[in-house]
Amino acid sequence: MHQALHILEHTFGYKTFRPQQAAVIKTLVNGGDALVIMPTGGGKSLCYQIPALVRDGVGVVVSPLIALMQDQVAALRGLGVNAGFINSTLSSQEFFDTERALLAGAIKVLYVAPERLIQPRMLDLLGRCHIALFAIDEAHCVAQWGHDFRSDYLKLDVLQHYFPRVPRMALTATADVRTQQEIVARLGLQNAAQFISGFDRPNIQYRIAPKDKPRNQLLRFLRSEQQGNSGIVYCLSRDKVDKTAQWLREQGFNALAYHAGLPNPFREKHQRQFLRDDNIIMVATIAFGMGIDKPDVRFVAHLDMPKSIEAYYQETGRAGRDGEPATALLLYGFEDVIKLRQMTANSEGNEVFRRQEQHRLNAMLGLCEIASCRRQVLLRYFGDVLDVPCGNCDNCLTPPETWDATEACRMALSCVYRSGQRFGSQHVIDILRGEQTDKIKQYGHTELTTFGIGKKLSENEWRSVLRQLTARGFLDVDLEGFGSLLLNDSCRPILRGEQAIHLRRDNTVTAGVSRGKAAKLAKLSKGEHNVSAEDLPFWFALRACRKRLAEEFGVPPYVIFHDSTLKDMLLKKPTSLLAMRSVSGVGDAKLDKFGAAFLDVMRDFEYPR
Ligand code: ADP
Ligand code: ZN
């Protein structure tokens with residue numbers, strides 16, 4: 001372990017191991033097998049990279065994320081580690097060179113695509129090398145019911161037969177108990193030590209707010225908190241993706257569109273640009289997903305509600321993979337509730353499947369409407385327990401008010417009933433508020449006993465009442481597509497005045513928890529720091545320097561330095577190479593290569609001390 005620590009410090013530039021890392025590394029260094037379940041951003045890469053460097057021979061890393069391999073290798077080379085990769089993007093000359101280097105023992109870490117690894121030629125080549133370990137990354141891909149299933153992963157069990165004496169490890173961020181068992185069985189890891197941490201992504205701040213002119217909400221969020229950052233904006237339809245991207249460009253952002261309707265070359269180009277740059281907003285449908293392993297995505301914003309908590313967690317999980325503060329913002333409205341209710345009711349599949357879909361949607365709606373900690377609900381959904389509120393979600397940061405809505409709910413339900421359960425929310429609201437619309441006159445609804453009984457609440461407040469009643473299942477939406485509201489049997493106790501009901505008071509402002517407050521709370525809860533207003537110009541200068549070097553070396557900016565390293569520079573403001581050495585993420589090789597350039601930025605910049 002002495003050697004492992006030396007490598008941590010001098011090669012990677014970090015002072016201490018994270019929880020679990022040391023134990024995993026020790027196991028592998030001593031020749032044992034391991035199963036490692038660690039949340040994204042938890043630091044899995046070091047768990048195989050360091051043992052590969054400590055042990056004799058080459059560490060072979062199996063990964064399905066071909067698009068990333070080149071950058072992973074570039075990142076390791078940047079640290080002074082001899083690394084290589086073998087996948088379908090390699091020319092035959094490049095393959096030949098890699099093969100020769102492997103045989104000469106000149107490669108310490110080799111990334112290989114699974115389909116390639118299981119080919120006889122590759123196994124034969126590896127048979128002639130000294131191998132330090134096999135690391136099977138994204139190991140959940142062996143699970144046949146999972147959405148990332150790869151049949152090639154099933155064939156990876158050849159490794160234990162070909163290389164019985166080489167330690168093997170499987171790593172993933174997403175595996176429930178069933179998937180863990182599947183990994184152990186399929187990959188022959190019955191004797192492996194298990195290192196299992198929870199699902200929590202503490203650096204992601206969850207915020208969910210009702211829609212109130214959603215474009216303005218998004219704009220406020222981007223302008224006040226995410227200037228110049230990378231992020232993803234998810235929309236449900238292709239048309240909305242195109243229009244939103246266009247509109248964001250008009251507002252001065254670098255926004256690109258991505259959906260299955262765009263020609264392939266476009267999609268690839270946009271994806272590449274997103275991965276390469278550090279300030280692109282990708283507006284996308286959920287077609288934009290697998291393989292988006294970009295570490296420095298600072299936010300994921302949903303302009304439409306995902307249809308389940310699984311989908312929400314996976315999509316928001318693309319933010320903050322580098323472990324730095326990131327934000328997940330969801331804006332949802334009554335239309336979303338109605339649309340999704342109808343979609344699940346009309347979806348293909350049998351009754352059981354539809355009922356499951358309804359349950360999933362209900363759980364998602366529940367998450368949107370709760371007034372307590374979002375993270376506790378999210379984690380509980382996946383079987384994890386968080387004992388205390390997280391302090392890093394909108395409900396923790398700005399606790400929402402609730403109000404006794406018993407009377408209002410009775411009015412609304414009774415109005416739906418009296419008007420014949422044939423009308424949508426707008427008309428019901430108009431009746432409650434006593435509006436003289438054409439439709440009201442046409443149906444003679446001024447005669448209803450509920451006409452005008454709800455003038456005390458605004459149109460928005462009524463919308464919130466109806467949305468929450470629907471989300472909680474007291475109201476149903478008709479399935480024909482007109483969005484008429486219907487009473488559900490469960491609402492009877494409320495109508496009869498036997499059940500009190502409290503609702504959340506909508507606070508559309510929580511969508512933009514003020515920068516100061518978010519920063520302060522992030523700091524309090526995790527000792528992390530966001531960039532303060534006075535440091536911003538300096539921050540942008542450091543990023544410009546990183547960008548320049550990234551272009552010079554032909555790598556993405558995060559390969560030069562992670563955001564966390566630039567933030568540590570901001571904090572320490574080093575003025576000598578020696579001081580630069582103490583910045584987290586600055587190892588020997590990077591100090592040599594980039595230290596001087598960043599010192600120039602420091603000197604050039606007249607920051608107050
Ligand atoms: P994962 O693969 O689990 O998603 P990574 O291996 O990419 O996570 O690590 C996430 C981030 O944490 C990276 O920026 C990495 O450099 C950083 N990191 C990992 N281990 C440490 C450590 N011991 N000290 C400081 N930073 C670390
Ligand atoms: Zn919370």
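The values are calculated or read from the model by the stated rules, or taken from the named source; none is laboratory data. What you see is a predicted model, and the numbers here were worked out from it, not measured in a lab. Please note: Cβ atoms are built from the backbone with ideal geometry, for glycine as well, and neighbour counts cover all protein chains shown.
Of everything in region 469-493 that's at pLDDT 90 or above and either on the phi > 0 side of the Ramachandran plot or part of a helix (DSSP H, G or I) (or both), which residue is nearest to the chain's Cα centre (by Cα)?
Per the stated criteria, the residue is L469.
Of R433, R410, R374, which residue is modelled with pLDDT of 95 or more, in the same structural domain as E315 (by TED's automatic domain parsing), surrounded by 14 or more Cβ atoms within 10 Å (Cβ to Cβ) and at negative phi?
It is R374.
Being surrounded by 21 or more Cβ atoms within 10 Å (Cβ to Cβ) and either within 14 Å of H302 (Cβ to Cβ) or β-branched (V, I, T) (or both) is the filter here; which residues of region 345-364 pass it?
M364
Counting just the residues of region 383-403 that are of a type in the set (A, V, I, L, M, F, W, C) and over 21 Å from Y332 (Cβ atoms), which one comes out farthest from ligand 1 (Cβ to nearest atom)?
Taking the candidates together, the pick is V388.
Would a scan of region 329-347 turn up a residue that is under 19 Å from the mean Cα position of the chain (by Cα), under 27 Å from G43 (Cβ atoms) and more than 16 Å from ligand 1 (Cβ to nearest atom)?
yes
Name the pairs: first residue in region 99-114 and assigned by TED's automatic domain parsing to the domain that holds L156 and among the aromatic types (F, W, Y), second residue in a loop (DSSP other than H, G, I, E, B) and crowded, with 20+ Cβ neighbours inside 10 Å, Cβ to Cβ under 9 Å, at least 6 apart or on different chains?
Close Cβ pairs (under 9 Å, with a partner that is in a loop (DSSP other than H, G, I, E, B) and crowded, with 20+ Cβ neighbours inside 10 Å) amount to Y111/S63; Y111/N87; Y111/D137.
Check L187 against each of (1) touching a Phe, Trp or Tyr at 6+ places or on another chain (Cβ under 8 Å); (2) surrounded by 21 or more Cβ atoms within 10 Å (Cβ to Cβ) and name the one condition it does not meet.
All conditions pass for L187, except number (1).
Would you pick out the residues in region 5-34 that are surrounded by fewer than 20 Cβ atoms within 10 Å (Cβ to Cβ) and in contact with a strand residue (DSSP E or B) (Cβ under 7 Å, 6 or more places away or on another chain)?
Of everything in region 5-34, those that are surrounded by fewer than 20 Cβ atoms within 10 Å (Cβ to Cβ) and in contact with a strand residue (DSSP E or B) (Cβ under 7 Å, 6 or more places away or on another chain) turn out to be Q20, A23, G32.
Answer yes or no as to whether D152 is in a helix (DSSP H, G or I) and not basic (K, R).
Yes, satisfied.
For region 87-128, how many residues meet the condition of being among the basic types (K, R) and outside any helix (DSSP H, G or I)?
Total meeting the criteria: 2.
For region 45-60, indicate whether the set of residues that are free of Cβ contacts under 8 Å to residues at least 40 places away in the same chain and assigned by TED's automatic domain parsing to the domain that holds F149 is non-empty.
Yes, some residue in region 45-60 is free of Cβ contacts under 8 Å to residues at least 40 places away in the same chain and assigned by TED's automatic domain parsing to the domain that holds F149.
So T27 clears everything in (1) under 20 Å from V81 (Cα atoms); (2) of a type in the set (S, T, Y); (3) more than 25 Å from the chain's Cα centre (by Cα) except one condition, right? Which one?
(1)
If you scan region 157-178, which residues turn out to be out of contact with any strand residue (DSSP E or B) (no Cβ under 8 Å at 6 or more places or on another chain) and more than 19 Å from I25 (Cα to Cα)?
The answer is D157, V158, H161, Y162, P164, T174, D176, V177, R178.
Within region 385-399, how many residues turn out to be surrounded by 16 or more Cβ atoms within 10 Å (Cβ to Cβ), under 21 Å from K211 (Cα atoms) and not polar (S, T, N, Q)?
4
Need the failing condition index for Q181 against (1) out of contact with any strand residue (DSSP E or B) (no Cβ under 8 Å at 6 or more places or on another chain); (2) within 16 Å of ligand 1 (Cβ to nearest atom), just the number.
(2)
Within region 50-60, can one find any residue that is closer than 28 Å to G317 by Cα and modelled with pLDDT under 95?
no
What residue, of F382, F474, is surrounded by fewer than 21 Cβ atoms within 10 Å (Cβ to Cβ) and not β-branched (V, I, T)?
F382
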